[in-house]
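To start, the structure under review is shown below, and the notes come after it.
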Amino acid sequence: MELLKERIIKDGRIKGDNIIKVDSFLNHQIDASLMLEIGKEFKRLFVNEHITKILTIEASGIAIASFVALEFGVPLVFAKKTQSLNLDKNTFKTKVYSFTKQVEYDVQVSTSYLGKDDNILIIDDFLANGHAALGLVDLVKQSGASLKGIGIVIEKGFQMGGRILREQHIRVESLAIIESLESNTIIFKE
Ligand code: 5GP
């Protein structure tokens, strides 16, 4: 997606050799008009999959996934990271290792919101080593729903998440794939 790639080049900030900060339009301050275009692009890619729900993970996936849900006209469900008294007792639960925080935590979704009749599209902001996506895939499996694919805004192609998921024959569509961040330069996969 050219618009996204241009924005990453203009406003992305490289931290070390493997982290890119996109706080000014995706992860902290959010450019809603760019999110609208991202939502439309995922709709175009998955239009034939009869998606009934969008699934993401707290917190940074939520804004993006909301725009995708709006395009499909279906609910967005987000996996919760924090234990709350408000959460239903019956949940699908899994463990996820956080790439950015370097800790493992539980994520869960109420059994009321994912079920065997659902066709799920998973959405997230980044794909690095695949822990977040694999956790969400596990929740979908537990629920008996059909996983129709994973939509990622920025995939870091030099990390292993994309390969692991595609080897499991999961359809992964990434709007921008970064091949390298070495020497403080962003190189996209064509
Ligand atoms: P994974 O679970 O695939 O290893 O990492 C994906 C998660 O870590 C994403 O949900 C995202 O929040 C975070 N993440 C991974 N790499 C980056 C990065 O380079 N920049 C930012 N801002 N977040 C990242």
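The values are calculated or read from the model by the stated rules, or taken from the named source; none is laboratory data. Quick caveat: nothing in here was measured; it's all calculated off a predicted structure. Every residue, glycine among them, receives a Cβ derived from its backbone with ideal geometry; neighbour counts consider all protein chains shown. These area figures cover heavy atoms from the full protein model, side chains too; ligands, DNA and RNA do not enter into them. Shrake-Rupley method; radii C 1.70, N 1.55, O 1.52, S 1.80 Å.
Can you give the extra length, in nm with one decimal, that the chain gains between Asp31 and Arg13 once fully stretched, where that is 0.36 nm per residue apart less the Cα-Cα distance?
4.9 nm
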- prompt: To the nearest 10 square angstrom, what accessible area does Asp106 show with a 1.4 Å probe?
  reply: 60 Å²
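Taking the solvent-accessible surface of protein heavy atoms with a 1.4 Å probe, what is the per residue accessible area of the chain in Å²?
With all protein chains present, the chain gives 51 Å² per residue.
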Within the chain, helix-based [θ] at 222 nm, where runs of 4 or more DSSP H residues each add -39,500 (n - 2.57), nearest 500: -9000 deg cm²/dmol
- line: Rounded to a whole %, the carbon-and-sulfur portion of the accessible area of the range 4-58 at a 1.4 Å probe is 47 percent
query: For the pair Lys21 and Gln83, what calculated FRET efficiency results from E = 1/(1 + (r/R0)^6), where r is the Cβ-Cβ distance and R0 = 25 Å, to the nearest 0.05?
result: 0.30
- prompt: Going toward the positive end of the dipole of the chain, with +1 on Lys and Arg Cβ and -1 on Asp and Glu Cβ, which of Leu55, Phe78, Gln142 do you reach last?
  reply: Gln142
query: If you rank Ile122, Ile30, Ile9 by how much accessible surface each has, with a 1.4 Å probe, what is the order from largest down?
result: Ile9, Ile30, Ile122
Cross-link table Lys21/Lys81; Lys40/Lys81; Lys53/Lys89; Lys21/Lys189; Lys80/Lys116, entries beyond 25 Å C-alpha to C-alpha: Lys40/Lys81
- prompt: Taking the Cα centre of the chain as the origin and placing charges on Cβ (Lys, Arg +1; Asp, Glu -1), which of Gln108, Val68, Gln159 is farthest toward the positive end of the dipole?
  reply: Gln108
field: Student exercise, the range 55-190 dipole from Lys, Arg, Asp, Glu Cβ charges, in Debye to nearest 20
entry: 360 debye
- prompt: How high is the FRET efficiency between Asp138 and Leu45 when r is their beta carbon distance and R₀ equals 30 Å, given to the nearest 0.05?
  reply: 0.85
